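Trainee: I am attaching a structure below and will ask some questions about it afterwards.
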Amino acid sequence: MVLNFNVFKKSSPDGKIILYLSKRNIVDHITFIDPVDGVVMLDNSYLKSGKIFGQIVCSFRYGRKEDEVMGLCFQKDMYLASAQIYPPLDDNPVKLTKVQDCLVSKLGSNATPFRFKIPENAPASVILQDGTSNLADACGVQYYVKIFAGESETDHNRAKSFVAMRIRKIQFAPVMRPLSRHPCTIVRKDFMFSPGQLELEAVLDKQVYTHGENVQVTLCIRNSSNKMVKKIKVLMQQIVDIVIFQNGQCRTTIAAVETQEGCPILPGSSMQKTIAMLPTLEHVKGRYGVALEDQISENQEHSLASSVLISSSDIKDVFGIIVSYSVKVKLYLGALGGELTAELPFLVMHSKPEKKTSHTSS
């Protein structure tokens with residue numbers, strides 16, 4: 001049996017260091033993160049005398065590159081993992097994966113395997129639109145695997161003897177248990193000097209949606225007051241919490257439906273209505289502050305960032321960009337009656353791909 005697999009390859013400018021990675025999408029399972037496994041092919045000159053170091057670099061860009069003047073730099077790098085790859089320092093060799101074993105067997109004695117572990121609280125790979133079409137140097141979080149030759153882990157002076165390859169940290173939609181009740185919220189509004197109340201119930205058909213899937217919002221409005229509901233507005237919003245050097249939040253409406261169908265809802269009457277909305281980048285492409293998924297290949301089209309799941313309930317313990325989504329429903333009662341608002345959070349994520357075993361018999 002012959003094993004078939006894809007390998008990503010990149011060499012240093014002088015051709016003396018070649019980096020091989022079996023995957024560039026590193027999956028975050030919330031409780032643990034898949035390791036970064038690879039193989040480095042070294043020139044004979046480094047095997048005889050030289051040290052090779054490897055690092056996982058998490059790069060934060062918080063300003064535009066064209067604004068970096070007079071020594072200013074709007075990019076900070078955090079080294080999540082760093083180790084000497086060759087010659088190895090520890091006595092515990094790396095337990096090779098099938099891909100690493102095949103690569104080492106094929107490349108020979110000049111190949112050295114390595115493995116890095118990313119901390120559990122590492123931020124997700126997310127970039128932010130800055131209003132331009134060029135997203136090469138967009139603000140956000142990006143990851144690199146960096147291999148270089150030097151005397152120590154801080155020796156980056158040899159510009160020709162290093163190689164860096166982009167990777168990204170991603171999450172897949174969790175497997176949800178069947179619920180007896182759908183995600184639901186009920187809000188009520190009382191009126192001063194007026195009897196009765198207005199009740200709004202908003203229900204989603206499920207909690208987790210995949211990209212490109214419609215979100216079904218069912219509204220149940222019960223008007224026991226003497227006011228009239230004149231208009232209904234449903235907003236789908238992307239909430240971006242930026243927890244890097246100082247906290248900030250940005251809310252962007254990515255889809256909206258405004259209707260007066262069935263209105264006015266008179267006192268003593270009720271109405272039930274279902275509205276379908278699609279979370280997509282089409283309506284907010286180019287808008288400043290919209291969070292996108294970091295794409296490794298320039299040929300891939302960008303899409304809205306997936307919801308970011310975190311293990312800690314306290315956002316103060318998180319570092320990076322946290323993306324979430326919600327549906328906000330507003331009932332407009334006129335100038336004197338005000339409005340009634342309900343909000344329901346939901347998740348937008350990619351479904352976990354099925355494992356494919358590709359092999360050929362020899």
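The values are calculated or read from the model by the stated rules, or taken from the named source; none is laboratory data. These numbers were taken from a predicted model, which means no experiment stands behind them. Don't worry about glycine lacking a Cβ; one is built from the backbone with ideal geometry, like all the others, and counts go over all protein chains shown. Accessible surface is based on the protein model in full, side chains and every heavy atom, while ligands, DNA and RNA are left aside. Shrake-Rupley method; radii C 1.70, N 1.55, O 1.52, S 1.80 Å.
Trainee: Say we look at segment 85-126 and pick out the residues that are in a helix (DSSP H, G or I) and polar (S, T, N, Q); which of these is most open to solvent (accessible area, probe 1.4 Å)?
Mentor: Within segment 85-126, the match that is most open to solvent (accessible area, probe 1.4 Å) is 105.
Trainee: Just give me the residues in segment 66-84 being within 21 Å of residue 167 (Cα to Cα) and open to solvent by 70 Å² or more (accessible area, probe 1.4 Å), in sequence order.
Mentor: 76, 77, 79
Trainee: Okay, moving on. Pull out all pairs, ordered by first then second residue, where Cβ-Cβ is under 8 Å, the residues are six or more apart or on different chains, the first lies in segment 249-260 and is closer than 8 Å to residue 238 by Cα, and the second is open to solvent by 50 Å² or more (accessible area, probe 1.4 Å) and outside any strand (DSSP E or B).
Mentor: 252/287; 254/283
Trainee: Moving to a separate point now. Which fully enclosed strands (runs of 3 or more DSSP E) of segment 236-296 have 1 or more residues being among the basic types (Lys, Arg) and either closer than 19 Å to residue 349 by Cα or touching a Cys at 6+ places or on another chain (Cβ under 7 Å) (or both)?
Mentor: 247-259
Trainee: Same structure again: If I filter segment 199-212 for residues that are outside any strand (DSSP E or B) and open to solvent by less than 40 Å² (accessible area, probe 1.4 Å), do I get at least one hit?
Mentor: no
Trainee: Which of the residues spanning segment 26-65 are of a type in the set (Lys, Arg), open to solvent by 70 Å² or more (accessible area, probe 1.4 Å) and either modelled with pLDDT under 85 or in contact with a helix residue (DSSP H, G or I) (Cβ under 6 Å, 6 or more places away or on another chain) (or both)?
Mentor: Of everything in segment 26-65, those that are of a type in the set (Lys, Arg), open to solvent by 70 Å² or more (accessible area, probe 1.4 Å) and either modelled with pLDDT under 85 or in contact with a helix residue (DSSP H, G or I) (Cβ under 6 Å, 6 or more places away or on another chain) (or both) turn out to be 48, 64, 65.
Trainee: Going through 306, 225, 326 one at a time, which residue ends up being open to solvent by less than 50 Å² (accessible area, probe 1.4 Å), touching a residue at least 24 places away in the same chain (Cβ under 8 Å), in a loop (DSSP other than H, G, I, E, B) and within 27 Å of residue 138 (Cβ to Cβ)?
Mentor: Of the residues listed, the single one that is open to solvent by less than 50 Å² (accessible area, probe 1.4 Å), touching a residue at least 24 places away in the same chain (Cβ under 8 Å), in a loop (DSSP other than H, G, I, E, B) and within 27 Å of residue 138 (Cβ to Cβ) is 306.
Trainee: Search segment 169-198 for residues being in a strand (DSSP E or B) and of a type in the set (Phe, Trp, Tyr), and hand back the single one that is modelled with the lowest pLDDT.
Mentor: Here the answer is 191.
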